[in-house]
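See below for the structure under consideration.
The values are calculated or read from the model by the stated rules, or taken from the named source; none is laboratory data. Computed from a predicted structure; not experimentally measured. Counting neighbours? That spans all protein chains shown, and the Cβs are built from the backbone with ideal geometry, glycine included. With ligands, DNA and RNA removed, areas are computed over all heavy atoms of the protein, side chains included. Shrake-Rupley method; radii C 1.70, N 1.55, O 1.52, S 1.80 Å.
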Amino acid sequence: MKRKGLALIAAILAGLASLTPAGAVPPTATPSPGYDARLQEQRAASRAADAPVAKPRRAKKPRTH
């Protein structure tokens, strides 16, 4: 009887432990200054490449009448 009670308590505790959120942080979530700098450079370069290119204005031809 004592073993069944201990097994029941262990099962309840294991079930409760699975309901609590994990406190560990995956290694990809930690900030990396070097990666962030490269990412910002890449984003700035892609924005510059996507920006519309201003066409030079054509000069008006003088009228010859």
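For this structure, a couple of remarks:
- Any chance LYS4 is modelled with pLDDT of 80 or more, out of contact with any Pro (no Cβ under 9 Å at 6 or more places or on another chain) and among the charged types (D, E, K, R): yes
- Residues that are under 33 Å from the mean Cα position of the chain (by Cα) and modelled with pLDDT of 85 or more within segment 7-21 are absent altogether.
- ALA49 vs. criteria open to solvent by less than 100 Å² (accessible area, probe 1.4 Å) and at pLDDT below 80: yes
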